[in-house]
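The values are calculated or read from the model by the stated rules, or taken from the named source; none is laboratory data. This is a predicted model, so every value here is computed, not measured. Here the Cβ positions follow ideal geometry from the backbone for every residue, glycine too, while neighbour counts run over all protein chains shown.
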Amino acid sequence: MKLNEKNILNFKIAIVGAGPAGYFTAQAFQKAQSDDVSFAIDMIERLPTPWGLVRSGVAPDHPKIKTVSKVFEKIAKEPNFRLFANVELGKDISLKDLRDQYDAVVLATGASKGRKLGIPGEELKNSLSAAQFVPWYNAHPDYVDVEVDLSSDTAVVIGAGNVAMDVARILAIDPSELDQTDVAEYALIKLKQSNIRTVIICGRRGPEHAAFTGPELRDLLKLENTDVFIDPKQIEEAMKHIQEMEEVEKDLKNNIKAMKAITENEKKGVPRKLEIKFLSTPIEIKGNGKVEEIVFQKNKLENGKVVATSKTFSLKTGLVVTAIGYDSIEYPGVSIENGRITNIAGHVEHNVYVVGWAKRGSTGAIGTNKSDSNDVVDLIIENLKEPKTSEGITSILKSGHEVIDQIAWEKINASEVISGEIAGKPRVKEADWKQLISLGRS
Ligand code: NAP
């Protein structure tokens, strides 16, 4: 191996995507440095802001989850780390160029395309994907203009996972509960004008199959201005099924316990309601130009399997939000299989690797990415041979391209936090791309 003058092997690493998976990858490289090996890490991000889903995915009423951004900023302060935000893979730089310039390229590009139900009426106005609705309320610059109509009294959310839960909660709580959060200003105004008082989450399987997690279910009982309903019969049935199982996971037991507590909890008699309905598969969305009704097929459980019955029912609603998982987007140089970038244990091809949701699909909480990134970094380090002699990103970015680097991002961050202090919020997010760039210049 070729050593530099200090006898240190210095490898250049490009990480594309500044979300949790990207930062945990950078951290794993930083931790793997030794007297013999160092890593110069360039993190490339399409948006003018980093932090990925911590900024544009995590619900504004869950600020604790966002504190992981402190870890990200610590990683970013390390001397071997550079941020290149406002740089888009496939447009401003190509994967081929990155491959040539860096010893390893790690794609941490997430999964931002909402999966579709594939049912008639899904394209009607006000039938939205969580992939639009969530970044809309989180001030993502690409989603500011999503048309969200909250004029009906009922909203239906499809899917029994934590994203469905976030969406339903944001629609069902009293918007004044979001006053002291970093929810997008324009979304807060709209939510305050909302006529929605009933939100119904619909899962196609039973409570025992729900993808919600315990803490999120337990949080529902803490809502001050919203009554939460689950049909007790569905929980009793689920408990019977669980008793018949040979082995029951702790998480499942806790989930059912939390759902049972919801059924037993005394209702407050408030106008705002959130209901979770199980065993209901959406089959058609109806309406004249916009969503007016959604039709479901009723399901039942037979020998532990969900089967369709001949019964259907429908709900009158003016808004349907689908939260049934996400797929990775395609860009030149990568192929997608089952919604993920095609890979074997994180290896894509040559010196290209993938981590996070882009690698394993849209599963797992933020922390899941840490062990996942550690494993992929171990594999990369095993495969690294001799550092390339190359210039890195500066040789491939067009001259004059406006990069948001760590210093520019810190200016944006400080400006948002200062505006937040004045308004009694953790931050006031800027949602306009050009404005974000100009804050970075200030
Ligand atoms: P998820 O946990 O995979 O849940 C997706 C839900 O959609 C499942 O209930 C699934 O039902 C349902 N579904 C899939 N295809 C469907 C179809 N064609 N028709 C009807 N229902 C369908 O996905 P997610 O909610 O998008 O969350 C992604 C990940 O982020 C999860 O790991 C989640 O825990 C995490 N997350 C965590 C938090 C938090 O910690 N606070 C917040 C948000 C997200 P089946 O099971 O029947 O397929």
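The residue of segment 155-170 that is farthest from the ligand (Cβ to nearest atom), among those that are in a helix (DSSP H, G or I) and more than 11 Å from V134 (Cα to Cα), is R169. On inspection, V68 passes the criterion of being touching a residue at least 60 places away in the same chain (Cβ under 8 Å) and surrounded by fewer than 22 Cβ atoms within 10 Å (Cβ to Cβ).
Taking the criterion of being in a strand (DSSP E or B) and farther than 21 Å from S310 by Cβ, the only residue of segment 281-296 that qualifies is K290. Applying the set (1) surrounded by fewer than 18 Cβ atoms within 10 Å (Cβ to Cβ); (2) under 19 Å from L319 (Cβ atoms); (3) within 16 Å of the ligand (Cβ to nearest atom) to D219 leaves exactly one unmet item: (2).
Selection of segment 279-316 for residues being small (G, A, S) and closer than 19 Å to D231 by Cβ yields S280, A308, S314.
Remark: pairs (first residue in segment 224-248, within 12 Å of E275 (Cβ to Cβ); second residue among the hydroxyl-bearing types (S, T, Y); Cβ separation under 6 Å; 6+ apart in sequence or on different chains) = I230/T263.
Residues are listed down the side, and each one gets a yes or a no for (1) away from the ligand (no atom under 14 Å from the Cβ); (2) among the aromatic types (F, W, Y); (3) crowded, with 24+ Cβ neighbours inside 10 Å:
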{"site": "I344", "(1), (2), (3)": "yes, no, no"}
{"site": "E349", "(1), (2), (3)": "yes, no, no"}
{"site": "Y353", "(1), (2), (3)": "yes, yes, yes"}
{"site": "A358", "(1), (2), (3)": "no, no, yes"}
{"site": "G361", "(1), (2), (3)": "no, no, no"}
{"site": "G364", "(1), (2), (3)": "no, no, no"}
{"site": "T368", "(1), (2), (3)": "no, no, no"}
{"site": "D375", "(1), (2), (3)": "yes, no, no"}
{"site": "L379", "(1), (2), (3)": "yes, no, no"}
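Can we say E237 is among the acidic types (D, E), in a helix (DSSP H, G or I) and modelled with pLDDT under 95? Yes, satisfied. Candidates in segment 409-442 are the residues that are without any contact (Cβ under 8 Å) to a residue 60 or more places away in the chain and hydrophobic (A, V, I, L, M, F, W, C); of these, the one that is farthest from D182 (Cα to Cα) is L439. Of all positions in segment 113-126, at least one carries a residue that is touching a residue at least 12 places away in the same chain (Cβ under 8 Å), outside any loop (DSSP other than H, G, I, E, B), more than 16 Å from the ligand (Cβ to nearest atom) and out of contact with any helix residue (DSSP H, G or I) (no Cβ under 7 Å at 6 or more places or on another chain).
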